[in-house]
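The values are calculated or read from the model by the stated rules, or taken from the named source; none is laboratory data. None of the values given here were measured: they were computed from a predicted structure. Every residue, glycine among them, receives a Cβ derived from its backbone with ideal geometry; neighbour counts consider all protein chains shown. Note: accessible area is taken over every heavy atom of the protein model, side chains too, but ligands, DNA and RNA are not part of it. Shrake-Rupley method; radii C 1.70, N 1.55, O 1.52, S 1.80 Å.
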Amino acid sequence: MSTPTKPDLKDIRRLLTAAFSGTALEWYDYFLYGTAAALVFNKLFFPELDPTVGTIASFITFAVGFVARPIGAAIFGHIGDRYGRKVSLIITVVMMGATTGCIGLLPTYESIGIWAPALLSALRFLQGISVGGEWSGAMLLTLEHTPKEKHGSYSSVPQLGSPVGTLLSSGAFALVGMLPDDAFYAWGWRVPFLIAFPLLGFALWLRVHIEESPVFHKMLEDAEQNGPKPAPLIEAFRRTWGRMIIGIGAAFLGVGGFFLMSTFVISYGTDNLGIDKQTMLNSTVIGSVVEIVVLVLAGRLADRIGAWKVCALGAVVTMAVAFPAFWLVDTKETGLVYLGVSLGIGALSIPYAPIGAVVSGMFPEEFRYSAVAMSYNLSGVLAGFVPLLATTLTSATGGASWGAALLLMAIAACTGAGSWAAGRILRRHDTTVS
């Protein structure tokens with residue numbers, strides 16, 4: 001077997017288009033749940049609970065998806081390291097599309113009682129397993145096809161799937177949110193979930209036409225000559241557990257901070273401040289547009305000064321704007337609410353842009369998928385509890401936002417420390433290679 005030739009610019013563009021499009025559709029499915037957890041599930045699946053307790057219970061089911069992500073990372077990391085990045089990504093997109101569509105078919109508590117939240121949690125768990133292998137596979141396919149000097153900007157391309165997925169999911173809920181409340185809660189909320197079924201066919205077509213990573217082809221050649229390597233995840237923990245901890249910290253802001261400034265903020269604005277749901281949904285749509293711009297600019301900056309430096313810079317900026325962002329939301333003025341959410345999302349998008357280049361650069365090829373997936377998704381486990389923790393802090397402070405702002409600063413500090421530590425590893429690696 002010969003190693004495939006290095007792809008030209010046209011091949012790279014085709015790959016980036018496929019990676020972005022597939023990831024955007026996958027995140028659309030995943031983010032739908034976060035919006036519904038803030039607006040719908042507390043009322044339809046936990047109706048007998050106090051409103052605040054119902055929101056907390058809804059966010060617990062939201063967090064279930066994040067608890068499942070390391071399981072997905074272990075499963076799909078093994079598949080990706082042993083059988084191919086492409087195979088793993090095809091399975092994840094089918095699982096995500098099917099489970100998301102099924103959420104739109106679920107009967108509510110009024111129809112089947114306790115089975116409704118039980119089935120909802122089970123489907124969310126399957127969503128978490130799917131996304132546990134999605135991001136790392138899309139990121140590695142992108143970076144393993146492209147030149148290293150462009151990894152900062154190229155790593156930001158799959159990241160664009162996150163705000164686009166948010167735009168699609170928030171936009172879908174904004175449209176059905178224009179329905180009268182009776183219609184919205186009766187059937188309107190289901191429509192964005194059911195759209196996942198036709199989108200699944202398109203996403204699957206994209207994944208089938210992605211070219212396999214040349215790095216994986218080389219790994220297959222090595223396995224033919226030297227035999228298979230030990231279990232990739234076990235090797236990752238045995239040889240690079242310290243780097244995995246660093247990766248968890250470096251990735252935390254881009255994941256946990258985002259759900260604080262989107263999922264939690266929607267709930268905070270509607271339940272605590274009395275802002276109408278349409279305004280809060282619109283704020284996340286505008287924030288996602290801002291995120292797209294920031295991701296592109298931060299990715300290009302990473303090519304110039306280094307990916308880890310951009311991550312550290314983003315952490316510092318986020319710490320600076322954490323309180324002002326919530327102060328703006330607290331005014332309840334529509335324009336200022338939009339500005340506050342956009343400020344917070346824009347700041348935390350700076351480190352999110354090149355984080356793929358930072359985390360993947362720390363691990364050897366033979367177990368890279370497993371190590372990157374586990375690092376990123378263990379960070380995701382922590383992130384999944386951020387809306388729940390923020391809601392609890394806000395309730396404990398009598399509805400004040402300063403607890404959530406402090407939480408955002410703490411998350412940013414974790415990413416700043418992780419980025420600095422990752423920078424030391426990457427500089428040492430570059431010196432050794434040179």
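Scanning the stretch 166-190 for residues that are touching a Ser or Thr at 6+ places or on another chain (Cβ under 7 Å) and either hydroxyl-bearing (Ser, Thr, Tyr) or open to solvent by 50 Å² or more (accessible area, probe 1.4 Å) (or both) yields a total of 3.
For the stretch 50-67, state whether one or more residues are at pLDDT 75 or above and touching a Pro at 6+ places or on another chain (Cβ under 9 Å). Within the stretch 50-67, none of the residues are at pLDDT 75 or above and touching a Pro at 6+ places or on another chain (Cβ under 9 Å). Within the stretch 76-97, restricting attention to residues that are touching a Phe, Trp or Tyr at 6+ places or on another chain (Cβ under 8 Å) and within 30 Å of Phe45 (Cα to Cα), the residue that is surrounded by the fewest Cβ atoms within 10 Å (Cβ to Cβ) is Ile91. Please work out which one of (1) under 30 Å from Thr108 (Cα atoms); (2) among the hydrophobic types (A, V, I, L, M, F, W, C); (3) in contact with a Leu (Cβ under 8 Å, 6 or more places away or on another chain) is the condition Leu160 fails and give its number. Unmet condition: (1). Among Asn272, Asn226, Asn282, which is the only one that is free of Cβ contacts under 8 Å to residues at least 12 places away in the same chain and of a type in the set (S, T, N, Q)? From the options Asn272, Asn226, Asn282, the qualifying one is Asn226. Annotation for the stretch 107-121: no member residue is out of contact with any helix residue (DSSP H, G or I) (no Cβ under 7 Å at 6 or more places or on another chain), closer than 23 Å to Phe216 by Cβ, modelled with pLDDT under 85 and outside any helix (DSSP H, G or I).
Checking Phe216, Phe193, Phe197 one by one, the residue that is in contact (Cβ under 8 Å) with a residue 60 or more places away in the chain, open to solvent by 70 Å² or more (accessible area, probe 1.4 Å) and in a helix (DSSP H, G or I) is Phe197 and no other.
With the requirement that a residue be without any contact (Cβ under 8 Å) to a residue 24 or more places away in the chain and assigned to a loop (DSSP other than H, G, I, E, B), what does the stretch 396-410 give you? Residues satisfying the conditions are Thr397, Gly398, Ala400. Looking only at residues in the stretch 200-213 that are under 18 Å from Thr99 (Cα atoms) and of a type in the set (A, V, I, L, M), the one that is most open to solvent (accessible area, probe 1.4 Å) is Leu204.
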